[in-house]
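Asks: This is the structure, below, for whatever I ask next.
Where a number appears in this text, it was derived from the coordinates with a stated rule and is not lab data. On a predicted model such as this, the values are computed, not experimentally measured, just so you know. Quick reminder, even Gly has a Cβ in these numbers, built from the backbone with ideal geometry, and neighbours come from all protein chains shown.
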Amino acid sequence: MPRPPAIHASRRFSISLVARSSIRARTRPAIQHAAVHFKGRATMNIRQLMKQAQQMQEKMQRELAELVVESSVGGGLVTVKMSGHKHLVSVHIDPEVIDPNDVSMLEDLVLAAVNEAARKVDEALQGRMGSLASGLPGVF
C-alpha cells in the first residue's frame, strides 16, 4: 500500500498559523468593539448611579437632621422627643409621677419612652430607605 505524501512539519505549522490568525482577525474586532462599548456604557452607568446615590444620601442626612419623633408612655406621664440621629431632644416628666419611694417606676417609664422613640426613628428610616431605594432602578 503506497504511503501518502508526507507534508513537511514546517508547512503544517504555517497552515495552522494562517488559519488561527484568520480566525482571530475575524473575531477580535467584534470582541474588542463589544468590550469597549460595554466598558464605556457600564462606566457611564456606574458614575450616574454613584452620583445619584450620593445625592440621595445627602437628602437622607438633611431629612434625618429635621426628623423629630415623640413618644409618650404611662398615659403621658413621661414624654420624650428624639432626633433622626437618635439624640434626645427633650424629656418631659409629669410631676405627679415623681415619687421618691418608687424611683424604679420612673426609670422604667423613661426607659420605655426612649426605646419607643428609637423604634419610631428606625421605622421612619426604614420607610425612607425603601422610598430612596426605589429611586435607584436595578439596584434592589
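Asks: Pop out the ³J(HN,Hα) list for region 97-104 in order, Karplus 6.51 cos²θ - 1.76 cosθ + 1.60 with θ = phi - 60°, rounded to Hz; leave Gly and Pro as x.
Replies: 3J(HN,Hα) across region 97-104, in whole Hz: 7, 7, 10, x, 8, 9, 5, 4.
Asks: When we measure straight from the Cα of Lys120, which aspartates and glutamates land under 14 angstrom away, once same-chain ones fewer than 8 places off are left out?
Replies: Result set, ordered by chain and number: Glu70.
Asks: Go ahead and run the numbers for FRET between Arg62 and Val97, Cβ-Cβ distance against an R0 of 25 Å, rounding to 0.05. Display every interim value, and only then the final one.
Replies: Values: r = 36 Å, r/R0 = 1.45.
Efficiency computed from Cβ-Cβ geometry: 0.10.
Asks: For the pair Gln52 and Asn115, what calculated FRET efficiency results from E = 1/(1 + (r/R0)^6), where r is the Cβ-Cβ distance and R0 = 41 Å, to the nearest 0.05? List each step's numbers first, then the result.
Replies: Details: r = 35 Å, r/R0 = 0.85.
Efficiency at R0 = 41 Å is approximately 0.75.
Asks: If packing is taken as the mean number of other Cβ atoms within 10 Å per residue, what is the order of 116-126, 90-100, 74-84, highest first?
Replies: Descending mean neighbour count gives 74-84, 116-126, 90-100.
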